[in-house]
1. Would you confirm, using the coordinates I've provided, whether L6 is under 17 Å from K141 (Cα atoms), touching a residue at least 60 places away in the same chain (Cβ under 8 Å) and open to solvent by 10 Å² or more (accessible area, probe 1.4 Å)?
2. Would you check if L87 is within 16 Å of the ligand (Cβ to nearest atom), within 20 Å of the chain's Cα centre (by Cα) and open to solvent by less than 30 Å² (accessible area, probe 1.4 Å)?
3. I'm checking my understanding of the structure. Among residues of the stretch 200-213 that are open to solvent by less than 70 Å² (accessible area, probe 1.4 Å) and assigned to a loop (DSSP other than H, G, I, E, B), which one is nearest to Q26 (Cα to Cα)?
4. Here is a list of conditions, (1) under 26 Å from A193 (Cβ atoms); (2) within 11 Å of the ligand (Cβ to nearest atom); (3) open to solvent by less than 30 Å² (accessible area, probe 1.4 Å); (4) β-branched (V, I, T), and T93 meets all of them except one; can you say which number that is?
5. Of E47, E73, which residue is open to solvent by 40 Å² or more (accessible area, probe 1.4 Å), out of contact with any Gly (no Cβ under 9 Å at 6 or more places or on another chain), closer than 25 Å to E153 by Cα and away from the ligand (no atom under 16 Å from the Cβ)?
6. Run down L216, L190, L159 and say which single residue is touching a strand residue (DSSP E or B) at 6+ places or on another chain (Cβ under 6 Å), surrounded by 13 or more Cβ atoms within 10 Å (Cβ to Cβ) and closer than 22 Å to R21 by Cα.
7. Keeping to the stretch 114-140, report how many residues are within 11 Å of the ligand (Cβ to nearest atom) and assigned to a helix (DSSP H, G or I).
8. What is the residue count in the stretch 161-215 for residues that are among the hydrophobic types (A, V, I, L, M, F, W, C) and farther than 27 Å from N96 by Cβ?
Amino acid sequence: MTIPILTIDGPSGAGKGTVSRLVAQQLGWRYLDSGAIYRALALELTEKDFLHAEIAEIVEVALAMDLAFECGEEQSVMLNGQDITDLLGLESTGNNASKIATIPEVRAALLQKQRNFKQANGLVADGRDMGTVVFPEAKYKVFLTASAFTRAERRYKQLKLKGIDANLSKITADIQERDQRDRERQFAPLIPAPDAVYIDSSNLSIQAVVEEVLSLVR
Ligand code: DC
């Protein structure tokens, strides 16, 4: 039996995580947050002071990571038995993840970890290269985007809600820098798969995007 796969790629802050989680819940499918895998590696390398180590050493750390995703109301992520959920959301973790994600050997080392999620009823996979590289065979593909301003504003509000001091122009600049790195890297850059459906969420509610994505699958 072929396992149905829905890929949702796009830049940071477009709403991929929230939409993917809700769609996966509704369909009873598994959810892969591939960004969390890159983020977990960035954290592990930071902890070991290996962010600027030789590529072979970074790959060794990537292959040895013991990652577990626990799905409750919110997803929690365990790395080598430790709950790293809160650390994953830091801006610095996202920026470091984007930097190590430019290394082709690192991407290759993380490929199987991502493909292992293809199990059971179906899979919703969220990232940058889900529809192009990791699951090119996916039956359903979405490229979800929003203007840089909208994405920065959403991030700003999220941080404020958490009581974290935030600066909108700094967030906008960070988002633009990360987007540019993710789009322009040589290997598996952020680009829509040729067969992806393009959705701009700038003026849509989460629920409206979820409905649009579900209608593709149903
Ligand atoms: O989706 P995210 O913001 O959690 O991802 C963090 C970084 O990880 C992102 O800026 C680039 C990298 N990434 C990637 O290169 N490929 C993926 N499939 C997912 C994330």
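1. Working: under 17 Å from K141 (Cα atoms): yes; touching a residue at least 60 places away in the same chain (Cβ under 8 Å): yes; open to solvent by 10 Å² or more (accessible area, probe 1.4 Å): no.
Taking the combined requirement at face value, the residue does not satisfy it.
2. On the way: within 16 Å of the ligand (Cβ to nearest atom): yes; within 20 Å of the chain's Cα centre (by Cα): yes; open to solvent by less than 30 Å² (accessible area, probe 1.4 Å): no.
Judged against the criteria, L87 is not a match.
3. So the residue we want is S205.
4. The number of the failed condition is (1).
5. Working: E47 fails: closer than 25 Å to E153 by Cα.
E73 is the lone residue from the list that is open to solvent by 40 Å² or more (accessible area, probe 1.4 Å), out of contact with any Gly (no Cβ under 9 Å at 6 or more places or on another chain), closer than 25 Å to E153 by Cα and away from the ligand (no atom under 16 Å from the Cβ).
6. Details: L190 fails: touching a strand residue (DSSP E or B) at 6+ places or on another chain (Cβ under 6 Å); L159 fails: touching a strand residue (DSSP E or B) at 6+ places or on another chain (Cβ under 6 Å).
None of the other options fit; the residue is L216.
7. Initially, the stretch 114-140 is screened for residues within 11 Å of the ligand (Cβ to nearest atom), giving 114, 125-135.
Filter once more, so that each one left must be assigned to a helix (DSSP H, G or I): 114, 130-134.
Going through the stretch 114-140 one residue at a time, the tally reaches 6.
8. Restricting attention to the stretch 161-215, the residues satisfying the condition of being among the hydrophobic types (A, V, I, L, M, F, W, C) are 161, 164, 166, 168, 171, 173, 175, 187-188, 190-191, 193, 196-197, 199, 204, 206, 208-210, 213-214.
Of the ones still in play, those that are also farther than 27 Å from N96 by Cβ are 196-197, 199, 204, 206, 208-210, 213-214.
Number satisfying all stated conditions: 10.
The values are calculated or read from the model by the stated rules, or taken from the named source; none is laboratory data. Everything quoted here is computed from the prediction, not taken from an experiment. Virtual Cβ from ideal backbone geometry, glycine too; neighbours counted across all protein chains shown. The protein model used for the area step is the full one, side chains on, heavy atoms only, and it has no ligands, DNA or RNA in it. Shrake-Rupley method; radii C 1.70, N 1.55, O 1.52, S 1.80 Å.
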